[in-house]
2 protein chains.
Amino acid sequence: VTAGATALVALDWGTSSARAYRLGHGGQILGRREAPLGIRNLSGSYPAALGALLGDWIDAKAPRLACGMIGSRQGWVEAPYVDCPAPLSALAGALARADGGALSIVPGVACRDADGVPDVMRGEETQVAGALATDAERTLAILPGTHSKWVVAERGTIRAFATFMTGEAYQVLREHSILGRMAEAESGAFDAGAFGRGVRRGAADGASGALLHRLFGARTLALTGDLAPKQVADYLSGLLLGAEIAAGREWAARQGGVPERALVVGEPALCDRYTAALAEAGFDAERGPNDAAAAGLWRIARAAGIVR
Amino acid sequence: VTAGATALVALDWGTSSARAYRLGHGGQILGRREAPLGIRNLSGSYPAALGALLGDWIDAKAPRLACGMIGSRQGWVEAPYVDCPAPLSALAGALARADGGALSIVPGVACRDADGVPDVMRGEETQVAGALATDAERTLAILPGTHSKWVVAERGTIRAFATFMTGEAYQVLREHSILGRMAEAESGAFDAGAFGRGVRRGAADGASGALLHRLFGARTLALTGDLAPKQVADYLSGLLLGAEIAAGREWAARQGGVPERALVVGEPALCDRYTAALAEAGFDAERGPNDAAAAGLWRIARAAGIVR
């Protein structure tokens, strides 16, 4: 075993993009590759996409383990959901095999909320496995995104989780509603004041439909000049994040109490935005590690006996 | 004065469409015309659009009174908002004049909610004036639509109101989000079971961001087969209406108590849907009169001394 030898090719393969990591014998990252080859973007076959993503890594004499939408019904091979509570061993024990066994795929996780409505995740379970040590006390992991996940985990076991359609709601309102028409094109300059104002309003007490009223406020505040056109997008983003945080905290409280430790895990710029919103809403949260998916794939591969 | 003589040409002129009524000397409707000449659809001038809408009514020797977005900043002439509490006399006293005085326009109404965030309506104030007698006790009027309005009125005076972006949220989620992609094309057959299930879930207790979680449930219920693809759209509609109703009732309670009488006013098919949702949520509401805008324009014209 040489220092630069590949022990595992780890793949985080989602809806829009795919990322590959070459991991060494301690699980350390030796290389990273990324391509817009998410399962919704594929024109050719999965083996062809794998080849294009891996390049010369395709020849590495190492096992391959993937997580994410590649294991969904629309993916390469379906890896059926594992139910909560889901320990690392349950994920490792339910890998699906694609490409004649040349690629293993981590299953997603499912649960039902208090009303019996199902919830699902794919990929986030692996990020949680990477972000939290198996001996970590009860922790709340928040994974922002198109469909944000709030996850309560305890000693490596996913106890429960809830999805919030925050990112997608922002996107469709921004691109297709009257709120988007009032907003100036995003300049790239983040307006912390407008964002914070949105967070406070979004997180304020109110029934679930209060969000439908508060969204209209983004329009009227712009109409009366209380918000400048260039502030509307960040105000809207704040409103939605504030609403998610208020409901997420309420959800976590129902899971046997809000854990003392909260970790935000995911894409750095989005995590910054969430950390700011959480602070504005009076909720202390730390930033989780980067490349959590790679670390999670390593831990699951070890639990499955694929690597040592 | 002959029985069929025109006393007032009344116009309900909105964003997407325009409707004209020929009213007799008792305010009765003698004729109706409609065209897709809303202010967002106009290619030519306002006088040309008025001519196209009215046809041979253009020669009627009668005053003309309009309500709706035609009086907005993007309309023909701006009729600035009147603040709440807004009695009929305040609306009648603040008409704007267009076309050299040949057309009068009813102002919109503005208020601020408990957090100081402004809210506005244009057109709905006139429907409320038409639906409620000036001697009506404290009443809650619910006007469903792209931007639904909940209005508390008392003896012809609009005391307070709140807007919910329910219709627009439904539309953008249905057309542009993953929920729309899971839903079969609307067949026209209303699924009361899926709708009611959505209403109960939408109206259930929860913080404002609970809606963002419940929306995702429309996807997972479809994924697990708990909802058929053709049920997703009505379930989604129910979720949003239920959320609006829970928040609207909470809002009304803060306006000095929920009025004993609740009236649903607007487009008949949409009012049916709201009445069903209100009943599902345990909220008794009656259907208001049709052509409420025409009746309101008549009352405002009388209060302004334009007609007798």
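What the table shows:
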| read-out | value |
| --- | --- |
| Check on B:Trp298, within 14 Å of chain A (Cβ to nearest Cβ), open to solvent by less than 40 Å² (accessible area, probe 1.4 Å), among the aromatic types (Phe, Trp, Tyr) and assigned to a helix (DSSP H, G or I) | no |
| Any hit, region B:265-277, residues being out of contact with any Asp or Glu (no Cβ under 7 Å at 6 or more places or on another chain), under 24 Å from B:Cys111 (Cα atoms), facing another protein chain (nearest Cβ under 10 Å) and surrounded by 23 or more Cβ atoms within 10 Å (Cβ to Cβ) | no |
| Test: residue in region B:111-128 that is away from chain A (no Cβ under 11 Å), open to solvent by 20 Å² or more (accessible area, probe 1.4 Å) and within 21 Å of B:Ala269 (Cα to Cα) | yes |
| Residue among B:Arg174, B:Arg159, B:Arg197, B:Arg181 that is in a helix (DSSP H, G or I) and either facing chain A (nearest Cβ under 8 Å) or within 21 Å of B:Gly145 (Cβ to Cβ) (or both) | B:Arg174 |
| Number of positions in region B:1-26 that are touching a Leu at 6+ places or on another chain (Cβ under 8 Å) and part of a loop (DSSP other than H, G, I, E, B) | 5 |
| Counted residues, region A:92-115 - those being touching a residue at least 60 places away in the same chain (Cβ under 8 Å) and under 17 Å from the mean Cα position of the chain (by Cα) | 1 |
| Residue match in region B:233-253 (condition: within 7 Å of chain A (Cβ to nearest Cβ), closer than 19 Å to A:Asp113 by Cα, part of a helix (DSSP H, G or I) and open to solvent by 10 Å² or more (accessible area, probe 1.4 Å)) | no |
| Pick from region B:79-94, criterion out of contact with any Lys or Arg (no Cβ under 7 Å at 6 or more places or on another chain) and surrounded by fewer than 16 Cβ atoms within 10 Å (Cβ to Cβ), ranking: nearest to B:Gly27 (Cα to Cα) | B:Ser89 |
| Given (1) open to solvent by 10 Å² or more (accessible area, probe 1.4 Å); (2) of a type outside the set (S, T, N, Q); (3) within 11 Å of chain B (Cβ to nearest Cβ), index of the condition A:Val258 fails | (3) |
| Set A:Leu270, A:Leu278, A:Leu263: member being out of contact with any Lys or Arg (no Cβ under 6 Å at 6 or more places or on another chain) and part of a strand (DSSP E or B) | A:Leu263 |
| Test set (1) within 14 Å of chain A (Cβ to nearest Cβ); (2) open to solvent by 20 Å² or more (accessible area, probe 1.4 Å); (3) at pLDDT 95 or above - B:Thr220 fails condition number | (2) |
| Residue identified as assigned to a helix (DSSP H, G or I) and touching a residue at least 12 places away in the same chain (Cβ under 8 Å) among A:Leu50, A:Leu65, A:Leu37, A:Leu30 | A:Leu50 |
| Long-range neighbours under 8 Å by Cβ, at least six apart or interchain, first residue without any contact (Cβ under 8 Å) to a residue 12 or more places away in the chain and within 16 Å of A:Thr146 (Cβ to Cβ) within region B:209-221, second among the acidic types (Asp, Glu) and open to solvent by less than 10 Å² (accessible area, probe 1.4 Å) | B:Gly209/A:Glu244; B:Leu212/A:Glu244; B:Phe216/A:Asp119; B:Thr220/A:Asp119 |
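Listed here are the residues, each with its yes/no results for (1) more than 17 Å from the chain's Cα centre (by Cα); (2) among the charged types (D, E, K, R).
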{"position": "A:Gly44", "(1), (2)": "yes, no"}
{"position": "A:Pro47", "(1), (2)": "yes, no"}
{"position": "A:Ala52", "(1), (2)": "yes, no"}
{"position": "A:Trp57", "(1), (2)": "yes, no"}
{"position": "A:Pro80", "(1), (2)": "yes, no"}
{"position": "A:Pro85", "(1), (2)": "yes, no"}
{"position": "A:Val117", "(1), (2)": "yes, no"}
{"position": "A:Glu124", "(1), (2)": "no, yes"}
{"position": "A:Ala129", "(1), (2)": "no, no"}
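This table checks each residue for (1) closer than 23 Å to B:Ala295 by Cβ; (2) touching a strand residue (DSSP E or B) at 6+ places or on another chain (Cβ under 8 Å); (3) among the small types (Gly, Ala, Ser).
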residue: B:Gly100; (1), (2), (3): no, no, yes
residue: B:Gly108; (1), (2), (3): yes, yes, yes
residue: B:Gly130; (1), (2), (3): yes, no, yes
residue: B:Arg138; (1), (2), (3): yes, yes, no
residue: B:Pro144; (1), (2), (3): yes, yes, no
residue: B:Ala153; (1), (2), (3): yes, yes, yes
residue: B:Ala160; (1), (2), (3): yes, yes, yes
residue: B:Leu173; (1), (2), (3): no, no, no
residue: B:Gly180; (1), (2), (3): no, no, yes
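The values are calculated or read from the model by the stated rules, or taken from the named source; none is laboratory data. All values derive from a computational prediction rather than experimental measurement. Positions of Cβ are generated from backbone atoms using ideal geometry, with glycine treated the same way; all protein chains shown enter the neighbour counts. When the accessible area is computed, the model is the full protein with side chains, heavy atoms only, and any ligands, DNA or RNA have been set aside. Shrake-Rupley method; radii C 1.70, N 1.55, O 1.52, S 1.80 Å.
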